[in-house]
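Here is the structure we will look at.
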Amino acid sequence: MMRTVLNNGFPILLAALVVLFGVLSPSFLSLANIMGILHAMVPIVVVASGMALVVMLGKLDISVGAIGFAGMSMAAVLIDGQGWSPLAASGVALLVGAALGALNGFVVVVLRVNPLIATLGTMIAFRGLALQITDSRVVVLPDAMRNFGNWTLGPVFFDVILAGAVLTIVHLIHRETPFGRTVTAIGNDEAAARRIGLPVGRTVFVCFVASGILGALGGILGAAQVGAVTTFLGKGMEFTAVAVVVVGGISLFGGRGSVFWGVLLGALTFEIIRAGLNHVGANPYFYQLIGGGIIFVAMYAAALKAQGSRLSD
Amino acid sequence: MKYTIAALAVAAVMTAHGAMAEDITVGVSWNSKTQPLEAAWEDYMKAEAIKQGAAAGVNITWVINVADADPSRQASNIEDLITQGVNVIVARAEDGGAIGASIRAANAANIPFVTFDRASSTVAPTAHVGGDSYDQALTTATAFADLMKEKGIEGKCIELQGALTDVNAVNRSKGWNEIDAARPEISTLVQVPTEWNPELFRSGMANALRAHPEANCAFIASDFAITAVQSALEEVDRWAPAGDPKHFWLATQDLLPGAVPLMEGGYIDVSTTYDAYKHSEELVRVVIALSKGEDPKCGPDGCLAKGRVVTPATIATIENLWSKTYK
Amino acid sequence: MTPLLTMEGLRKAYGTVQAVSDGHLTARSGEVMALLGANGAGKSTMMNLLGGLVRPDAGQISIAGEAVSFAGPTDAIRAGIAFVQQELSVFASMTVAENIFAGDFPTRGGRIDRVAMQDRARVLLAQLGARIDVGGPVERLSTGERQMVEIARALRRKPRILIFDEPTSSLSAPEKARLHAAIRDLKAQGVAIIYISHFISEVFDIADRITVMRNGATVAERQASQTDQPEVVRLMLGDIGAAGRIVADDVTPGPVALQVVGLTAPPRIREASFELHLGEILGVWGLLGSGRTELVRGVLGLDGPVAGRIALRGQGGLAPASPRDLRAATAFVTEDRRGEGLLLPFSVSDNIALPNLDTLSRGGVVQRVRVRDLALDLIGKLSIKVSGPAQRAGTLSGGNQQKVVLAKWLASTPTILILDEPTRGLDLAAKDDILRLAVDLAAKGVAVLLISSELEELMRVSHRYLIVRERRVAGTLPGTATEADLIAALSAPVAVPA
């Protein structure tokens, strides 16, 4: 009984929140609003998918927001200054994301720098690089790109389908492939993985590259939704992504949790709360307090769960 | 002691030059100069120096350096201005904390120090010149209420706030809500914080629109990410220029370059400028006053330049609007 | 018949320490070869050389008559060598089947073929006689079952040579029996097995041949049927120098300071009872893995709860006490100087002062003068070689560091002193100093319990011996016991009861 509540506590809390907001503001449960919530989740779901892989390793990549900003800045100046098509420029943004992710991977795997320290450093450097690329300007994107960001198929936003596909693919790679299982093995015990000859360095490197590419994709999708690249792009995204993954039940120590359900539940939690507060017209000073409270509750629930499983051994 | 002698020497030289016009040198330390706004400020300063200088009998020579977004380079640049013995130093700080050391150094050399646009968070300068964000919101809200009254519309507005840790965002919200309370033509349905994050401008606006389908207007704390608001309005098919029945009434702050064509197109109804021209005008006034040893008569938050209200009717004719001319 | 594996003339040094100086051994298909040796004899290094984890400085490894050279563990795996290490390499959150196939998953179209993988995992585990749900996570398994998973992983590679390093140290009796049955099965299938264990009786159960190493060199090779436990123990320990005892044989011990009755915490300790008197040095004698360290850690309650009774001498004689009470009255010094709280970046005086801050401060403020006086006093008493109390602990030699650890405890004048391998890694002079210190303390009435794997060292200072064998207290011997008595006590029932 206790186990059931602990394991499912968060979904239950989430359902209770939905009901609460629905009662306080009937428009909250409208189809349009549900679609709107999914739409708003798109950038963070994509970024958190990459983060989930890295966290499964027991590592962190806090440069993802900066990578999204740098990749999209490069795309923006190509579109704005060189007249590139948004599609081709987005391809370049993904390449930038892969390259910066590879740099992270190099620093972590080859130079053996602690991932938190390494990506804290590269976060600052990549953000500086992006500011250099755009001269800290606001670059307004062409209408075509903004239209793509808000394009719908029936009631569903197209980018929601895209983000869902990305999340599912990452989930399947993690669950069903030798690479994904190696990620989980490293997250369980990196030293043991080395002892039995698993390709630890290569796997970690690939995860950082994937995290970089998905960081850039998150940047592209976020910028497309708002139709502009500003210096705020991707700011705080890394911490939100970590929070999403943790709230979704993926252990920061690595090796535990489900990519699909973790990212989905985590991202839903934050977006439902934000949208709900918007709907009920909450005091603006309340937002961060509640966001922080949710992270605390999720961490506490995870700690209780870990204790519970140890006691039952 | 040394500085006193130097100052006396300079004074003596100046007297010798005659009573026609007093020559002063003003050192300007830009934190960086990559954006149109900074170019606009500098051009307006030079033009104002000639205009106001002639009236005050002062001949201003500018010594300008740029720190390329590096606080330590800015400190050494300001050190250079001090050794050159300029009469007044003007600095737009890269780092509001680190600038304090430079202010202290200038004080020691008896050179008046003016912080421009960005205030010092540590040591108080001789004067601070910046924009008046509180007045900005008051004038926009007043003009907007007047517009609603003229059109005979009851304005039910969504307020998109900036980051609540930013004094400008707080001032703007305060100004808007004071007018909202005083004027029956406008009322605020919901306040949405955005942390200045464009994605939250979009999703917050979209959420507010779904929660309040009756809304017909919005106050936007800055229009730097106006396209995010545009996305949200397009989603509910309310993005249309004035005159169209679907038009959603927009009052914004700053009228930055991205917002200019949208006001020209009739999408934005009222804005109060973040006014580079007014800032420069005020700066030159303060510099001249300081060079003469007079009190520039600043308010408690510094010498704050008020922005100008702009509407689609006036945007074509308003003079010295940097966001229209500098791209 | 040529042996499947031959290791000849192997040498390996780590820095200045010669871990293996002359290692040789052979292993044959269908045979269990047990590799024995005291701690530090070089067994692990030999196996690491064979497993490709380290590279030899000199020597030759041949498999089926062909010389091989391994650049890494993968090369050794490819040559048919599988290594079941003492430290388990399992991934707790993953399924049993995934653990067995980690590194070589069967796939179909890029996806792991779970059906095939689980079928093959079941077959492998069945070979070992283990009935484990292959789809469940490893974290739900017992240690013994986890070891079966690890062995199944080794078998999956169809090894020709299979190394077991201390496979039974954490197994229950039925699990141990099942493991041995599986090993016999593998033997019958023609696998060459190398078996490392500290449990000598167990070795005689399973091994066909025994190789003994001592101080980095292979010293003997015997058919199991042609030797016995005492001979093997003697080969492991070598001849013990007749260095003089530095304590008198006929000390009259004081009253009992600590009485332990029926201490039990399976599988670490079973039914241990003993008494420790004031003013005596009680030498704990047993092989590594016999439960020496576990015994004292158990009494002190350092590894979790234990059953049994403990009585401590207080004002009014012996009174029941908890492990916590015992810890308060005891100074506990081990070979692990850093683990026991020697802070290397701190000065000698700060290290000595830290556990004694209560008595060294007044009104919450540490009295620097008193700290310095205490440090100077102890530096003098223990003849610690330092430039002064302010010297950093990290810059001292090992022996002087150990003396600082002792000084830390002596400042609070304990009634019981427990020394667990206090001289390991120290040079002869430093060893001598530490032992003399223990003798002095005993003379002043402190009850000293000394654990050492060096018999010579024990024989120099013990007033009495406590014999520990296979996780039990097997009895005691008087200080007059000879080397032969002590060696015999490791394998035979102890003649003199406690």
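The values are calculated or read from the model by the stated rules, or taken from the named source; none is laboratory data. Every value quoted in this text rests on a predicted model; they were computed, and no experiment measured them. Note that each Cβ is placed from the backbone with ideal geometry, even for glycine, and that neighbours are counted across all protein chains shown. For the accessible areas, the whole protein counts, side chains as well, though only heavy atoms, and no ligand, DNA or RNA atoms are used. Shrake-Rupley method; radii C 1.70, N 1.55, O 1.52, S 1.80 Å.
In table form, for the structure just shown:
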{"quantity": "Cα principal axis extents for the protein assembly as shown, largest first, Å", "calculated": "116, 79, 62"}
{"quantity": "Cβ-Cβ FRET estimate between C:Arg368 and C:Thr395, R0 fixed at 30 Å, reported to 0.05", "calculated": "0.90"}
{"quantity": "Residues of the range A:23-68 buried by at least 10 Å² on assembly (accessible area, 1.4 Å probe, chain alone as reference)", "calculated": "A:Ser27, A:Ala32, A:Asn33, A:Gly36, A:His39, A:Ala40, A:Pro43"}
{"quantity": "Accessible area, probe 1.4 Å, largest first, for residues B:Asp95, C:Asp358", "calculated": "C:Asp358, B:Asp95"}
{"quantity": "Protection proxy ranking, peptides A:29-42, B:246-259, average beta carbon neighbours within 10 Å, highest first", "calculated": "B:246-259, A:29-42"}
{"quantity": "Sulfur and carbon atoms: percent of accessible area, chain B [1.4 Å]", "calculated": "55"}
{"quantity": "Where only C-alpha atoms are counted, convex hull volume of the range B:186-320 per residue in Å³", "calculated": "130"}
{"quantity": "Value at 222 nm in deg cm²/dmol, rounded to 500, when DSSP H runs of n ≥ 4 in chain B each add -39,500 (n - 2.57)", "calculated": "-14000 deg cm²/dmol"}
{"quantity": "Debye intensity ratio I(q)/I(0), log10, the range C:375-491, q values 0.14, 0.18, 0.22 Å⁻¹ (C-alpha model)", "calculated": "-0.64, -0.96, -1.28"}
{"quantity": "Near-label residues of the range C:97-138 by backbone N, under 19 Å of a point 7 Å along Cα→Cβ of C:Arg184", "calculated": "C:126-131"}
{"quantity": "Cross-link reach list, lysines versus B:Lys324, counting only Cα pairs under 26 Å and skipping chain neighbours closer than eight places", "calculated": "B:Lys33, B:Lys46, B:Lys51, B:Lys278, B:Lys306"}
{"quantity": "B:Asn177/B:Ala101 FRET efficiency (R0 51 Å; Cβ-Cβ; nearest 0.05)", "calculated": "0.85"}
{"quantity": "Size of charge dipole - the range C:246-318 - debye, nearest 20, with Cβ of Lys, Arg +1 and Asp, Glu -1, no other charges", "calculated": "320"}
{"quantity": "Candidate lysines - alpha carbon under 30 Å from C:Lys408, same-chain residues fewer than 8 apart omitted", "calculated": "C:Lys381, C:Lys385, C:Lys431, C:Lys444"}
{"quantity": "Cα-Cα P(r), chain A, percent of pairs per 20 Å interval", "calculated": "33, 58, 10, 0"}
{"quantity": "Those residues of the range C:67-111 for which accessible area with every protein chain present is at least 40 Å² below the isolated value (1.4 Å probe)", "calculated": "C:Ser89, C:Phe91, C:Ser93, C:Met94, C:Phe105, C:Arg111"}
{"quantity": "Contact surface C-A: accessible area buried, both sides summed, square angstrom, 1.4 angstrom probe", "calculated": "1700"}
{"quantity": "Chain B: relative contact order in percent, alpha carbon pairs under 8 Å with at least 6 residues between", "calculated": "17"}
{"quantity": "Chain C - percent of accessible surface contributed by carbon and sulfur, probe 1.4 Å", "calculated": "50"}
{"quantity": "Summed buried accessible area for B+A [probe radius 1.4 Å, Å², rounded to 100]", "calculated": "2700"}
{"quantity": "Helix-derived mean residue ellipticity, 222 nm - over chain C, DSSP H n ≥ 4, -39500 (n - 2.57), to 500", "calculated": "-9500 deg cm²/dmol"}
{"quantity": "Whole-number percent relative contact order across chain C, with pairs defined as alpha carbons under 8 Å at least 6 apart", "calculated": "15"}
{"quantity": "Options C:Val405, C:Leu426, C:Ile416, ranked by Cα towards positive dipole end of the range C:337-434, top entry (Cβ charges)", "calculated": "C:Val405"}
{"quantity": "Gain on full stretching of the segment that runs from C:Ala116 to C:Arg78 - 0.36 nm per residue minus C-alpha separation", "calculated": "11.4 nm"}
{"quantity": "Share antiparallel - DSSP beta bridges, the range C:339-472, percent rounded to 5", "calculated": "45"}
{"quantity": "In nm, spacing of pseudo-spin labels at A:Thr152 and B:Asp244 (7 Å Cα→C-beta vector)", "calculated": "1.7"}
{"quantity": "Residue-normalised accessible area of the protein assembly as shown, given per residue in Å² at a 1.4 Å probe", "calculated": "41"}
{"quantity": "In nm, spacing of pseudo-spin labels at C:Asp336 and A:Ser30 (7 Å Cα→C-beta vector)", "calculated": "6.4"}
{"quantity": "Charge tally in the Cβ shell below 14 Å around C:Thr6, where Lys, Arg are +1 and Asp, Glu are -1, C:Thr6 excluded", "calculated": "-1"}
{"quantity": "Cα→Cβ-extended label distance, 7 Å offset, between B:Ile64 and C:Val261, nm", "calculated": "9.6"}
{"quantity": "Alpha-carbon spread of the range A:127-238, three principal axes, descending order, Å", "calculated": "53, 40, 18"}
{"quantity": "Summed residue charge, Cβ within 14 Å of A:Phe148's Cβ, Lys/Arg positive, Asp/Glu negative", "calculated": "-3"}
{"quantity": "Inter-chain shielding of B:206-216 (mean C-beta neighbours from other protein chains, 10 Å cut-off)", "calculated": "6"}
{"quantity": "The range C:1-147 - percent relative contact order, Cα under 8 Å, separation 6 or more", "calculated": "19"}
{"quantity": "Chain B, dipole about Cα centre (Lys/Arg Cβ +1, Asp/Glu Cβ -1), debye to the nearest 20", "calculated": "420"}
{"quantity": "Theoretical FRET efficiency, 1/(1+(r/R0)^6), r = Cβ-Cβ of B:Asp135 and B:Gln35, R0 30 Å, to 0.05", "calculated": "0.80"}
{"quantity": "Distance-filtered residues of the range A:92-119 - backbone nitrogen under 12 Å, label point 7 angstrom along A:Ala125 Cα→Cβ", "calculated": "A:100-108, A:111, A:113, A:118-119"}
{"quantity": "Computed magnitude of the charge dipole of chain C (debye, nearest 20; Cβ of K, R +1, Cβ of D, E -1)", "calculated": "1120"}
{"quantity": "Under 13 Å from B:Lys151, Cα to Cα: aspartates and glutamates that are on another chain or at least 8 residues apart", "calculated": "B:Glu185, B:Asp269"}
{"quantity": "Of all accessible heavy-atom area on chain A, the percent that carbon and sulfur account for (1.4 Å)", "calculated": "72"}
